[in-house]
1. Filter region 243-272 for residues that are acidic (D, E) and within 13 Å of the ligand (Cβ to nearest atom) and give the result.
2. Can you confirm whether region 233-241 contains a residue that is out of contact with any Ser or Thr (no Cβ under 9 Å at 6 or more places or on another chain) and either at positive phi or polar (S, T, N, Q) (or both)?
3. Does any residue in region 80-94 that is within 14 Å of K115 (Cα to Cα) come within less than 7 Å, Cβ to Cβ, of a residue that is part of a helix (DSSP H, G or I) and away from the ligand (no atom under 14 Å from the Cβ) six or more places away or on a different chain, and which pairs are these?
4. Output the number of the condition that Q135 fails; it satisfies all remaining conditions of (1) more than 9 Å from the ligand (Cβ to nearest atom); (2) surrounded by 13 or more Cβ atoms within 10 Å (Cβ to Cβ); (3) closer than 30 Å to D260 by Cα.
5. All but one of (1) over 14 Å from H80 (Cβ atoms); (2) of a type outside the set (G, A, S); (3) within 17 Å of the chain's Cα centre (by Cα) hold for K275, so report the exception by its number.
6. Return the total of residues in region 310-327 being open to solvent by less than 90 Å² (accessible area, probe 1.4 Å) and in a helix (DSSP H, G or I).
7. Collect the residues in region 52-83 that are among the charged types (D, E, K, R) and more than 24 Å from G23 (Cβ to Cβ), keeping them in residue-number order.
8. Among the residues in region 37-54, are any under 13 Å from L137 (Cβ atoms), in contact with a Ser or Thr (Cβ under 8 Å, 6 or more places away or on another chain) and in a helix (DSSP H, G or I)?
Amino acid sequence: MRCLIVGTGSVGTVLAAYLVKAGHDVACYVRPSRRAEYESAASLSVQSTGRTPSLDLPRPAITDQLNLQDVDVLFLCVKHPALPGLLEQLPATLPQGLALVPCLNGVGLKPKLRKRFPGTEIAQLTIMFNARVEQPLSAILTTKPEVQFNTNNRDLLEMFDGSGIVMGQVDDAAEWGKLLINLNNAVCGASYTTFKDLLTNKVLTGVFVKIMDEAIAVYEAANVRYTLPVPVPYKLYRWILLNGGPIAWWIARFKNGLTDQAYPSMAADITAGRKTEIEHLNGVIQELGRVKRIPTPANDRLISLIHQLEAGERKTLSPEELSRTIT
Ligand SMILES: NC(=O)c1ccc[n+]([C@@H]2O[C@H](COP(=O)([O-])OP(=O)(O)OC[C@H]3O[C@@H](n4cnc5c(N)ncnc54)[C@H](OP(=O)(O)O)[C@@H]3O)[C@@H](O)[C@H]2O)c1
């Protein structure tokens, strides 16, 4: 299939590599100002910090033109703050037969894209791996490579076959479950800590549970169906987090292949002074809580803290300072 990756950062680079490995014809769309940098990359590489084999592949085609003729699958791999600008660059109508695959975190993007592109197949790809880009076309993978498609289209479900990436098929409930776990991004972002810190430091774990408890109350009030990406119900997951010592970390290591160096990308966004995706993560809980009249004070405080960090108005907090600020 002809695949066009838009947003060749951490996720885009890893997906490009596995798509090339699976034998697809892959092109990467980059901003015109960055084209030369990408074209000077020697290869397309994904270095794994775990047991997954690293990949070093021929550089895919680089383009600064959004020419969608003959593209079968268009992967959107930008972050939320860049999405409105990107959508403006896309034509009003996408070519017939093209499947649009948003890879951004969060829920609620599909209905927006369906409205913007009626008649186009929209298939959300949930990114279960963690990666960070080091330089153009070179990324570090700090978990097992795993993705989940919310689609029944067999061509899409099978498109990574043979590449080494683990593919799952999920529904909307899984996207809401992933959102719940992704609320950790802001906890790690505010304290510049790793997933390992989050799951082994009692103070951070307590903050994470507080944030998720509010989200669960909101989900229940709004009748949101959710399936957690961990194989246990929320009550048990919560209990393990609070009372199980390092067990939650061991599960994450075993199930996702998480390594010690894995930071959620919000931590990198904050240190780099970039706008984060907080509105599309904890902001969703805050907004749904507002609609359903369920208070979300811990999420509210965490959101305003992240806004202050984005604006450079304060520095990242120690776990203890974060806990005092949030709870
Ligand atoms: N990283 C992870 O481990 C991970 C895991 C799960 C989910 N996700 C989700 O995946 C999504 C992408 O995250 P990411 O970490 O891959 O972000 P990222 O590393 O910041 O990459 C985004 C890329 O999009 C490019 N871009 C933005 N606007 C563009 C435009 N108009 N035209 C062309 N390129 C454009 C950026 O280029 P410039 O550098 O030139 O701006 C950058 O290379 C997010 O929603 C994130 O939450 C990420």
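The values are calculated or read from the model by the stated rules, or taken from the named source; none is laboratory data. What you are looking at is a predicted structure, and each value in this text was computed from that prediction instead of being measured. Please note: Cβ atoms are built from the backbone with ideal geometry, for glycine as well, and neighbour counts cover all protein chains shown. Calculation scope for accessible area: heavy atoms of the full protein, side chains included, ligands and nucleic acids excluded. Shrake-Rupley method; radii C 1.70, N 1.55, O 1.52, S 1.80 Å.
1. Answer for region 243-272, where residues must be acidic (D, E) and within 13 Å of the ligand (Cβ to nearest atom): just D269.
2. Narrowing region 233-241 to residues out of contact with any Ser or Thr (no Cβ under 9 Å at 6 or more places or on another chain): 233-240.
Narrowing the set further to residues that are either at positive phi or polar (S, T, N, Q) (or both) leaves none.
No, region 233-241 contains no residue that is out of contact with any Ser or Thr (no Cβ under 9 Å at 6 or more places or on another chain) and either at positive phi or polar (S, T, N, Q) (or both).
3. Going by the 7 Å Cβ cut-off, the qualifying pairs are L87/R116.
4. All conditions pass for Q135, except number (2).
5. Result: K275 fails condition (1) only.
6. Number of matching residues: 8.
7. D64, K79
8. Scanning region 37-54 turns up at least one residue that is under 13 Å from L137 (Cβ atoms), in contact with a Ser or Thr (Cβ under 8 Å, 6 or more places away or on another chain) and in a helix (DSSP H, G or I).
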